[in-house]
Structure formats: C-alpha cells, structure tokens
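First up is the structure itself, then whatever we jot down about it.
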2 protein chains.
Amino acid sequence: MLNVNDVNATSLPGTLAFRFGTLGAMVTDLFVAALAPLDLKPKHVGVMVMLDLHGPAAQLEIARTMGVAPSLVVSLADHLEKLGAIQRVRDAGDRRRQVLSLTGKGRELLADALAAANRLDADLAGPLNEKDRKELNRLLGVLAAEAGLPH
Amino acid sequence: MLNVNDVNATSLPGTLAFRFGTLGAMVTDLFVAALAPLDLKPKHVGVMVMLDLHGPAAQLEIARTMGVAPSLVVSLADHLEKLGAIQRVRDAGDRRRQVLSLTGKGRELLADALAAANRLDADLAGPLNEKDRKELNRLLGVLAAEAGLPH
DNA sequence: GAAAATCGTTCATACTCTGAATGGTATTGT
DNA sequence: ACAATACCATTCAGAGTATGAACGATTTTC
C-alpha cells in the first residue's frame, strides 16, 4: 500500500526533529547569554513563568509540569529565593508542601527576562517579514499547546 | 520616539526565544530516544550530516562548523569509527590532519536516523495540516540558513 | 634551521541533572 | 488510637556532557 500522504523529508536537515534540535540549541545558548546579567538560567525563568501563569504552586507540581526531578526544583527555588524573586512558605493545610509564589522583585525580573527575549527575537526573526514572523509564532504556539508546554 | 514596528511579545511563552528553548529541548529528548537503538546521539548525527553535505573534512573544520571544542570531536569520531560509520585517515598532504569520511555503513546509519526523524516528525506535526506543515518547515529553513546551520 | 603556529589527543575539571536515602508530615487500615 | 503506609522536600553521591589547558607531532614562517 502506497503512502497517500507522504511528507517525509529526504535529508535530515529537512526534518523538524533536526531543525528544532539545532535551532533550539543555538537559541538556548543565546538566551543563556542574554539572561546572564540577571543571574538567571532558562529553567529559573521556566519556574517563574509557571508561577506567573498558574499562581502559587508546590514544588512537586512544578517538577511534574516542567518534567524535571523534584531535587532540581529545590536548587532552582533556592536560587530564586536568594534573588528575592519568590517566596517559599509551608502550606498551612499540608505542612509537607513548600508553596512558591512570585514576589514583586520576581515580577520585575520576569519583565527583564521578557525584554531580553524580545531583543533576542528581533535578531532571530531579522530575515523574516512581519507576516512570516507572525505565522511562525502561531505555528510554534500550536505545537507548544499540543505538547502541553506553556503558551 | 515611538516604536514604528512593534512586534514585542507581552509574555515570555509568546517569544521565539522561549518557544525554541522549550520545544527544542522536548524534541531533542524525543530524538535522543529515537536514536538510542542506533547507538547514536544527535551530535554524532550532526557530524555525519556534515560529512554527507560537504564531503570529507578534518576534525577541526567539523569542530568549528558545529561550534564545539575540538576535543569533543575526538570522542564523537572515536565512537563513529567504532561503529564503522566513518573512516579516519591522515591527510597525506598535511599529516597533522585526520580526515573523516562517511563509509557505506555510515550512509546506512544516516538513512536509519532519517527514518527515525521522519517518524518523529509525523508525531510532532500531527496537529498541523499539510499547508501549515510546509510553511513551518520553510520558515525554520530560512532561520537555519540565516544562522549558518545545515539546511 | 630555529621559532612559532597548527592539529589532534589526553586529562582534569565544571556543570547540569538524576535517583537513592532521609526526615518530617499526612493518610489509611484495623 | 496507633501502627503501617504514602507523600513532600531535601541532601548527597554519581552519571553524562561539555570545555580548556597541556602535550606530542607536524607544518609554516622568518
């Protein structure tokens, strides 16, 4: 039986898997550099984005949503707390839980990170016209939504 | 002075920087899993893709093009050689150079990796219709080309 | 022909992340 | 009521990946 919907690429650089891998790695390196002055890494921003989107959350929820080990969330939260970006309080109803929430300083940092990302975007999307840029963002949004990533 | 071409996102998940970071990490994890049966990692495939596109090359050229340390290329080449995927011969004209070239087995592995990537693509692009899928691939290709990545 | 540069390799190290062990807290079963 | 079990956060040891410095071999420069 023939393939009625053949969308296969004929070489690896033409696949989404390869393109997302290479572009993703490059963009992440640039983002890391852009965040360095804020003393943040992408995963710290990831935590703050979650808190910003869904409100206060226990560390385990964050670990599950981000797909990382709970022990990693400990060190991410340690650092964010040291920066004054989050508050860490024991849940009165369940004192095993450490509930994280964004502080004013955290919101400031998040705004700074957003500004850095927007500057980076301007560079990245340089070769794209306005319409293409919007289309790209829309398509990435669809994939992110489908994958359960923040969007 | 007002911004005449305001394309700034208003939240981080809406930026290209964030989207490429999260999607790139997710896709890379899936790709790593898909390559595991072949005993390859994305960087091994990266080396093979370079050899396939530009022909035989010295290790240092590969390091520069891939943006990694020369010492890393040593271990990548070691592994590829062990798999029989590449040949490593001293350049007769400049005996400091180790020239890498794909073997028949290497081309087979590359084809297997391509098949794995295409299967992954089918999953990834599931929620996209044919037109969107083509458009996404085109836009990613533009960015990859602009960034000097394989395309 | 000596000095400097280049290529590949090894090795020590940094970094990120995970999984197992632990202590404290909550829930379940009897 | 209370023992057994399950759960959350934390610490810690260790795996995996990458870099950069040091070295030997070779080539280029002066």
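General observations
- Total residues in the stretch B:28-41, condition under 21 Å from A:A147 (Cα atoms) and either surrounded by 15 or more Cβ atoms within 10 Å (Cβ to Cβ) or within 8 Å of chain A (Cβ to nearest Cβ) (or both): 5
- Meets criteria (over 19 Å from the mean Cα position of the chain (by Cα) and within 16 Å of DNA strand D (Cβ to nearest atom)) for A:V99: yes
- Residues located in the stretch B:113-151, provided they are part of a loop (DSSP other than H, G, I, E, B), under 15 Å from A:P13 (Cα atoms) and either modelled with pLDDT of 95 or more or within 7 Å of chain A (Cβ to nearest Cβ) (or both): B:A147, B:L149, B:P150, B:H151
- B:L110 vs. criteria away from DNA strand C (no atom under 16 Å from the Cβ), outside any helix (DSSP H, G or I) and touching a residue at least 60 places away in the same chain (Cβ under 8 Å): no
- Hits in the stretch B:23-75 - residues which are more than 14 Å from DNA strand D (Cβ to nearest atom), over 13 Å from the mean Cα position of the chain (by Cα) and more than 23 Å from A:V68 (Cα to Cα): B:P37, B:H54, B:G55, B:P56, B:A57, B:E61
- Each residue in the stretch B:67-97 was checked for being within 18 Å of B:A111 (Cα to Cα), free of Cβ contacts under 8 Å to residues at least 40 places away in the same chain and touching an Asp or Glu at 6+ places or on another chain (Cβ under 7 Å), and 0 of them qualify.
- Qualifying residue in the stretch A:59-66 (condition: facing chain B (nearest Cβ under 8 Å), surrounded by 21 or more Cβ atoms within 10 Å (Cβ to Cβ) and either in contact (Cβ under 8 Å) with a residue 12 or more places away in the chain or away from DNA strand C (no atom under 16 Å from the Cβ) (or both)): no
- Subset of the stretch B:67-84 (residues that are surrounded by 14 or more Cβ atoms within 10 Å (Cβ to Cβ) and either among the polar types (S, T, N, Q) or within 15 Å of DNA strand C (Cβ to nearest atom) (or both)): B:V68, B:L72, B:V73, B:L76, B:A77, B:H79, B:L80, B:E81
- Residue list for the stretch B:24-59, filter: touching a strand residue (DSSP E or B) at 6+ places or on another chain (Cβ under 9 Å) and either within 21 Å of A:T28 (Cβ to Cβ) or among the hydrophobic types (A, V, I, L, M, F, W, C) (or both): B:V47, B:M48, B:M50, B:L51, B:A57, B:A58
The values are calculated or read from the model by the stated rules, or taken from the named source; none is laboratory data. Not measured: the values here are computed from a predicted model. Cβ coordinates were reconstructed from backbone atoms using ideal geometry, including for glycine residues, and neighbour counts include every protein chain displayed.
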